[in-house]
1. Could you list all residues from region 119-151 that are over 17 Å from residue 46 (Cα atoms) and in contact with a helix residue (DSSP H, G or I) (Cβ under 6 Å, 6 or more places away or on another chain)?
2. Hey, does region 87-105 have a residue that's in contact with a strand residue (DSSP E or B) (Cβ under 7 Å, 6 or more places away or on another chain) and either in contact (Cβ under 8 Å) with a residue 40 or more places away in the chain or surrounded by 12 or more Cβ atoms within 10 Å (Cβ to Cβ) (or both)?
3. Enumerate the pairs (first residue in region 127-145 and at positive phi and part of a loop (DSSP other than H, G, I, E, B); second residue anywhere and at pLDDT below 90 and surrounded by fewer than 18 Cβ atoms within 10 Å (Cβ to Cβ)) with beta-carbon separation below 8 Å, excluding pairs fewer than 6 apart on the same chain, so at least 6 apart or on different chains.
4. Looking at region 152-178, which of its residues are over 20 Å from residue 46 (Cα atoms) and either in contact with a strand residue (DSSP E or B) (Cβ under 6 Å, 6 or more places away or on another chain) or at pLDDT 90 or above (or both)?
5. Give 53, 79 a once-over and let me know the one that is under 30 Å from residue 40 (Cα atoms) and either exposed (fewer than 12 other Cβ atoms within 10 Å of the Cβ) or under 32 Å from the mean Cα position of the chain (by Cα) (or both).
6. Go through 166, 124, 115 for me and flag whichever is without any contact (Cβ under 8 Å) to a residue 40 or more places away in the chain and surrounded by 12 or more Cβ atoms within 10 Å (Cβ to Cβ).
7. What are the pairs with Cβ atoms under 6 angstrom where one residue, in region 26-42, is touching a residue at least 60 places away in the same chain (Cβ under 8 Å) and the other, located anywhere, is part of a helix (DSSP H, G or I) and surrounded by fewer than 18 Cβ atoms within 10 Å (Cβ to Cβ)? Sequence gap at least six, or different chains.
8. Here is a list: 32, 27. Which entry is at negative phi and at pLDDT 90 or above?
């Protein structure tokens, strides 16, 4: 019985030594990507942000104009309410309420449109980034490439964000050059 236990122990120990050296020989290569930095510093990221910002500014300008029209209507109603008949005042107040409701509806519509534009731009950039990450991962033998968002610590030596940004800019330049 002792010999059986001893033989089994030697076999298990040999197995562990062999498998650990086999695993140690194949070092896992891990990369980290800072997606926020890609969005902020890459040419396609900057272009997407500019398109979103332009759309937002147009919408804000339109809302500001409509808001000032409503404010002018309200001020005129306050000034002239004393000299108006009750029916006329009620009609003007109803018009003001309708314009205010239209303004709120427009605000919600613009908010939804802006979210849709942001989602579209981010998804397009994300698809392109994921494609490049897969290329880098396959070409350079990475076992794992993770986003820096959930990582609490990583050495800068495994950060491949700059490489990603460079390839993304090159791809974007080729597309805009055609």
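1. Within region 119-151, 132, 145, 147 qualify.
2. Checked against the condition, which is being in contact with a strand residue (DSSP E or B) (Cβ under 7 Å, 6 or more places away or on another chain) and either in contact (Cβ under 8 Å) with a residue 40 or more places away in the chain or surrounded by 12 or more Cβ atoms within 10 Å (Cβ to Cβ) (or both), region 87-105 yields no hits at all.
3. Hits for this filter: 141/29.
4. 154, 158, 159, listed by residue number.
5. Result of the check over 53, 79: 53.
6. When all the criteria are applied, what remains is 166.
7. Close Cβ pairs (under 6 Å, with a partner that is part of a helix (DSSP H, G or I) and surrounded by fewer than 18 Cβ atoms within 10 Å (Cβ to Cβ)) amount to 30/158; 31/158; 32/148; 32/158; 34/148; 42/169.
8. After ruling out the rest, the residue left standing is 32.
The values are calculated or read from the model by the stated rules, or taken from the named source; none is laboratory data. Keep in mind that what you see is a predicted model, and the values were worked out from it rather than measured. Neighbour counts are summed over all protein chains in view; Cβ atoms, including those assigned to glycine, are modelled from backbone coordinates with ideal geometry.
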